[in-house]
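S.K.: This is the structure I have questions about; it appears just below.
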Number of protein chains: 2
Amino acid sequence: MKCTREIEVRDLEEVAINIDPIQAGGRLTADAMKAIIAWGDGYSVCDNCRKPFRLDQIKKPPLDTFHRELAAFVGMDQARVMPGARRGFQAVADTYVEKGSPVLLTALSHYTGFLAVEAAGGIPREIPKDGGNRITAGAAAARIEEVTKEFGRPPALLFIDHFDYQFGNEHEVREIAREARKYDVKVLYNGAYTVGIMPVNGKDFGVDFVVGSGHKSMASPAPSGVLATTSEHAKDLFRTTQAKGDVTGRAFGVKEVELLGCTLMGATIMGMMASFPHVRERVSRWQEELANGRMVIDALRSIEGTKVLSEYPRKHTLTRVDTRDSFDRVAQTHKKRGYFFTSALGERGIGGVIPGATRVWKFNTYGLTKRQCEYLASAFRDRERDSGQLRPQPRPATSLSFSPSRSTRMPRRRA
Amino acid sequence: MKCTREIEVRDLEEVAINIDPIQAGGRLTADAMKAIIAWGDGYSVCDNCRKPFRLDQIKKPPLDTFHRELAAFVGMDQARVMPGARRGFQAVADTYVEKGSPVLLTALSHYTGFLAVEAAGGIPREIPKDGGNRITAGAAAARIEEVTKEFGRPPALLFIDHFDYQFGNEHEVREIAREARKYDVKVLYNGAYTVGIMPVNGKDFGVDFVVGSGHKSMASPAPSGVLATTSEHAKDLFRTTQAKGDVTGRAFGVKEVELLGCTLMGATIMGMMASFPHVRERVSRWQEELANGRMVIDALRSIEGTKVLSEYPRKHTLTRVDTRDSFDRVAQTHKKRGYFFTSALGERGIGGVIPGATRVWKFNTYGLTKRQCEYLASAFRDRERDSGQLRPQPRPATSLSFSPSRSTRMPRRRA
């Protein structure tokens with residue numbers, strides 16, 4: 001099916017249970033879908049932009065209220081919307097990192113943090129992970145001291161993921177923030193995998209900046225995200241322009257430098273805003289999400305040779321598994337090679353695993369219903385049972401011809 | 001009508017002829033609307049992201065082809081999509097402007113250019129406009145010399161709007177680029193009001209960078225835009241990351257620093273791409289757009305006391321008018337004060353003028369049909385005739401109860 005002459009309709013979420021690791025929290029709610037249809041035009045939200053002419057001050061649609069609620073939602077004083085979490089990292093790095101300044105990230109940090117530091121001219125240094133792939137306060141404190149010695153000044157900034165993108169492991173945010181404070185190091189909380197799917201309170205964690213991703217975890221169109229901070233730091237981070245036209249004498253009012261003025265002027269912010277009531281409510285269901293995910297993890301663990309590389313028991317729905325001694329052994333003799341696995345999943349109505357992946361891969365059950373997770377678990381278990389010693393089957397058994405019911409297929413519309 | 005419990009449906013484009021100055025080129029095409037519905041989910045375009053894992057290399061949907069066509073469309077060698085033209089300015093400024101470096105903008109430059117320079121630590125200097133509100137090559141050359149004397153080095157960059165946002169006047173891009181080249185000053189062509197509505201060829205102009213806005217002129221959702229350059233500059237502007245994890249030894253592949261990796265991962269790029277065939281075609285109709293606009297301008301000029309502040313005859317559909325001696329005189333005694341004007345326009349099915357504006361204001365007829373422009377012209381003329389000496393009318397005359405026909409009301413769907 002085509003949505004234009006050249007563009008296929010994307011129907012992954014409609015025809016399959018999607019366990020892609022990065023897409024789970026960014027599926028639009030039905031309300032977001034309606035909002036982007038009604039507000040899709042370029043500068044749509046500017047219809048009623050009045051003095052002082054800034055996105056976060058627009059009253060109709062109520063972007064001003066949305067900004068205040070967004071700040072409260074992440075437990076900070078002020079919030080702004082950004083074109084992705086990465087642009088939030090950039091704004092913080094540009095504000096606080098001088099050329100040549102050291103900045104701490106971690107051994108599990110996302111590449112966008114490194115790029116933001118690089119763009120600001122900072123020197124990235126990593127906090128090592130421990131044997132369990134976790135970042136501890138002890139390691140952070142040790143690295144702050146080392147870096148301070150190396151550069152003759154403490155790091156300008158410390159990035160910490162609450163849950164990282166590689167393992168979905170939880171890190172000692174609160175304790176790290178406490179250590180950082182002793183050394184007067186500012187802390188950026190990367191909530192790309194938390195803000196919008198579980199409760200987050202930045203002040204409670206003791207961090208200086210909270211960054212979240214709209215398209216990763218807030219059921220919003222890309223690029224979108226949130227950057228929040230305390231009243232104290234808002235003065236610097238959200239500073240207004242001092243630029244002047246030397247010939248005309250023009251000044252540029254209350255436009256904020258790091259935001260370059262307004263950021264998300266149409267479909268993106270309206271999608272965020274329409275999903276927000278659902279997002280605010282769904283974070284309270286995080287324990288159910290974990291319970292659903294656990295069924296799938298347990299099914300995978302029951303397959304001989306399959307290892308869960310993420311911390312266990314799981315505290316996040318994003319999980320990294322090692323199937324080199326299970327599915328990859330099948331791949332070695334299967335006529336489809338590594339593709340047998342995604343192909344078999346596809347036959348079962350399961351999508352979102354990179355074709356050919358049979359060794360180390362990630363999946364995310366966030367947002368799936370209990371029934372979908374039961375099905376996923378049984379699909380993995382069936383696979384094992386049907387294939388004996390995990391050998392390929394010439395054709396799918398009856399149990400594999402499962403066709404997901406309508407309600408199962410469309411979890412995205414449940415909000 | 002509501003699209004969620006709290007969000008009104010936006011229907012400005014459906015119920016009125018919208019002459020808002022900044023929204024005209026950003027109305028979605030029907031194909032863009034379809035694409036954002038099918039691809040609205042956060043990271044939707046990442047389904048088939050494979051090595052080397054970068055947005056502009058994705059083959060399905062064909063983002064790779066789209067990027068190549070985009071570069072050709074603006075007459076440059078390489079193009080990237082950005083979250084708005086302003087993020088294109090930022091990428092160029094961050095790459096070429098050192099702290100304390102002078103940068104030339106013009107007396108008519110948009111604030112986002114100043115903010116991009118400020119964020120990069122540059123010192124903005126303006127090229128003055130001439131008596132006709134135009135930026136000439138002579139003024140540019142003179143200012144390059146002055147600034148070079150003042151700072152002991154030439155400007156790091158020169159921003160030039162092909163058409164500016166204040167008057168919609170055309171500036172001497174080609175001649176300015178020629179002068180700049182003599183002094184070895186790089187030129188950024190700001191095509192926010194050109195790329196996507198009229199033909200633009202960056203190499204033909206002799207500029208180094210072409211920046212366009214998706215939501216302003218390419219019938220795309222916000223925030224979106226294009227940043228294009230020559231092969232020569234692509235090496236610097238689109239440089240890939242050199243950052244390394246000092247503990248893990250990680251490197252980050254081909255991710256581009258100024259883009260922070262990927263930029264528009266879902267609805268925004270798919271909206272741009274779906275509109276692109278229409279945008280590429282519509283630029284060839286620019287002369288018709290000007291002819292349509294001229295009818296409206298002529299009607300306004302026929303009203304005693306109304307002055308066109310933009311250059312005349314018009315070379316752009318964005319126009320600034322001064323109605324202090326016409327509509328504003330009515331406002332002085334009208335019971336609705338300045339609101340009489342937008343109220344009268346509203347009664348005639350015309351929207352997009354800031355409520356209360358009767359003195360100096362802007363409008364844009366881009367994308368309206370000939371019939372809509374005829375109607376607009378007659379609405380302005382009627383207003384004059386009905387009101388005698390431009391005095392308020394107690395109630396609208398018959399001719400004012402015009403109800404636009406379906407085809408008139410929905411120009412956005414004509415593509």
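S.K.: First check a/c for the protein assembly as shown, with a ≥ b ≥ c the square roots of the eigenvalues of its C-alpha gyration tensor; if it is under 1.5, answer rounded, and if not, answer prolate when a/b is larger than b/c or oblate otherwise. Please report the intermediate quantities before stating the final value.
M.R.: Values: a/c = 1.96, a/b = 1.50, b/c = 1.31.
Prolate is the answer for the protein assembly as shown, as a/c is 1.5 or above and a/b outweighs b/c.
S.K.: What angle, in degrees between 0 and 90 and rounded to the nearest 10, separates the Cα long axis of helix A:85-96 from the longest principal axis of the Cα atoms of chain A?
M.R.: Roughly 30 degrees, rounded to the nearest 10.
S.K.: Rounded, prolate or oblate, given the Cα gyration tensor of region B:151-257, with a/c below 1.5 counting as rounded?
M.R.: Oblate, since a/c reaches 1.5 and b/c is not below a/b.
S.K.: Once both axes come from the Cα atoms, what is the angle between helix B:63-73 and the longest principal axis of chain B, in degrees from 0 to 90, rounded to 10?
M.R.: Roughly 70 degrees between the two axes.
S.K.: Another one. I'd like the chymotrypsin sites (Phe, Trp or Tyr not before Pro) in region A:1-57 restricted to DSSP loop residues with at most 16 other Cβ atoms within 10 Å, sorted by number.
M.R.: Filter output for region A:1-57: A:Phe53.
S.K.: Among the listed pairs A:Lys186/A:Lys255; A:Lys336/B:Lys60; A:Lys99/A:Lys182; A:Lys186/A:Lys244; A:Lys255/B:Lys203, which have their C-alpha atoms separated by more than 27 angstrom in this model?
M.R.: Violating the 27 Å limit, Cα to Cα: A:Lys186/A:Lys244; A:Lys255/B:Lys203.
S.K.: Rounded to the nearest 500 deg cm²/dmol, what is the calculated helix-only ellipticity per residue at 222 nm for chain A, with -39500 (n - 2.57) per DSSP H run of length n ≥ 4?
M.R.: Taking each H run of at least 4 residues, the total per residue is -10500 deg cm²/dmol.
S.K.: Which residues of region A:70-87 show a drop of at least 30 Å² in accessible area when all protein chains are present, compared with their chain alone (probe radius 1.4 Å, heavy atoms only, ligands and nucleic acids excluded)?
M.R.: Residues losing area: A:Pro83, A:Arg86, A:Arg87.
S.K.: Let me ask something additional. So how many Å³ per residue does the convex hull of the Cα atoms of region A:329-372 work out to?
M.R.: 79
S.K.: Taking each residue of B:93-102 in turn, how many C-beta atoms of other protein chains fall within 10 Å of its C-beta, and what is the average?
M.R.: So the per-residue partner count for this stretch is 1.
S.K.: Please determine, in degrees from 0 to 90 and to the nearest 10, the orientation of helix A:267-282 with respect to the longest principal axis defined by the Cα atoms of chain A, where the helix direction is its Cα long axis.
M.R.: Approximately 70 degrees, to the nearest ten.
S.K.: What ranking, highest mean first, results for peptides A:242-248, A:320-326, A:15-21 when packing means the other Cβ atoms within 10 Å averaged over each residue?
M.R.: Values: A:242-248: 16.3, A:320-326: 18.6, A:15-21: 21.0.
Answer by packing, highest mean first, reads A:15-21, A:320-326, A:242-248.
S.K.: Give the chain B residue with the shortest beta-carbon distance to the rotation axis relating chain B to chain A, plus that distance as a whole number of Å.
M.R.: Minimum Cβ distance to the axis, with residue: B:Pro83, 2.
S.K.: Between the label point of A:Glu311 and that of the same position in each other copy, find the distances and list them shortest first in nm, with every label point placed 7 Å from Cα along the Cα-to-C-beta direction.
M.R.: Nearest to farthest, the other copies are at 6.4 nm.
S.K.: Relative contact order for region A:216-257: what percent, with Cα pairs under 8 Å and sequence separation of 6 or more?
M.R.: Details: 23 pairs, mean separation 12.7, N = 42.
About 30 percent, as a whole number.
S.K.: What value does region B:57-192 have for Rg/Rh, both radii from Cα atoms and Rh as Kirkwood defines it? Could you put the intermediate results ahead of the total?
M.R.: On the way: Rg = 15.6 Å, Rh = 15.6 Å.
On the Cα set of region B:57-192, Rg over Rh gives 1.01.
S.K.: Okay, moving on. What part of the accessible area of region A:57-190, given as a whole %, is carbon or sulfur when the probe is 1.4 angstrom? Working shown, then result.
M.R.: Details: 2060 of 4400 Å².
In region A:57-190, the share of accessible area belonging to carbon and sulfur is 47 percent.
S.K.: For chain B, just say rounded, prolate or oblate: build the C-alpha gyration tensor, square-root its eigenvalues into a ≥ b ≥ c, call rounded for a/c under 1.5, and beyond that prolate if a/b exceeds b/c, oblate if not.
M.R.: On the way: a/c = 2.31, a/b = 1.43, b/c = 1.62.
The shape class here is oblate.
S.K.: May I pose another question? What's the average, rounded to a whole number, of partner chain beta-carbon atoms within 10 Å of each residue's beta-carbon in B:254-261?
M.R.: 5
S.K.: Right, another one. Across region A:346-361, in residue order, what do the Karplus-derived ³J(HN,Hα) couplings come to in whole Hz, using 6.51 cos²θ - 1.76 cosθ + 1.60 with θ = phi - 60° and x for Gly and Pro?
M.R.: Ordered by residue, 3J(HN,Hα) equals x, 4, 8, x, 10, x, x, 9, 4, x, x, 6, 9, 9, 10, 8 Hz.
S.K.: Given a 1.4 Å probe and heavy atoms of the protein chains only, how would you sort A:Ile297, B:Ile354, largest accessible area at the top?
M.R.: From most accessible down to least: B:Ile354, A:Ile297.
S.K.: I need the inter-copy label distances for A:Asp298: point set 7 Å along Cα to C-beta, values in nm with one decimal, smallest first.
M.R.: Label-point separations across copies, in nm and ascending: 7.9.
S.K.: Right, here's the next one. Just A:Ser310, A:Ser275, A:Ser231 to compare: in a GNM of chain A, with alpha carbon springs under 10 Å, which one fluctuates most?
M.R.: Evaluated over chain A, the most mobile residue of the options is A:Ser231.
S.K.: Along Cα-to-Cβ, 7 Å out, sits the label point; list in nm, shortest first, how far the one on B:Asp236 is from those in the other copies.
M.R.: List, nearest first: 3.0 nm.
S.K.: Here is a further query. Going by average Cβ density within 10 Å per residue, which order do the peptides A:154-160, B:373-379 take, highest to lowest? Please list the in-between numbers first.
M.R.: Values: A:154-160: 25.7, B:373-379: 20.7.
The densest-packed peptide leads the list: A:154-160, B:373-379.
S.K.: Now a separate question. Using only atoms on other chains, find how many Cβ atoms lie within 10 Å of each Cβ of peptide B:2-15 and report the average.
M.R.: Per residue, the average neighbour count from other chains is 6.
S.K.: Roughly how large is the B-A contact in terms of buried accessible area, totalled over both chains, probe 1.4 Å, nearest 100 Å²?
M.R.: 7500
S.K.: Moving on to the next point. Per 5 Å bin, what percent of the C-alpha pairs of region A:253-384 does each bin hold, from zero upward?
M.R.: Going out from 0 Å in 5 Å bins, region A:253-384 shows 2, 9, 15, 18, 14, 10, 9, 7, 6, 4, 2, 1, 0, 0 percent.
The values are calculated or read from the model by the stated rules, or taken from the named source; none is laboratory data. All figures in this text were calculated on a predicted structure; none of them were measured in a lab. Every residue, glycine as well, gets a Cβ built from its backbone with ideal geometry; the counts of neighbours run over all protein chains shown. We work out accessible area using only protein heavy atoms, side chains counted, and drop any ligands, DNA or RNA first. Shrake-Rupley method; radii C 1.70, N 1.55, O 1.52, S 1.80 Å.
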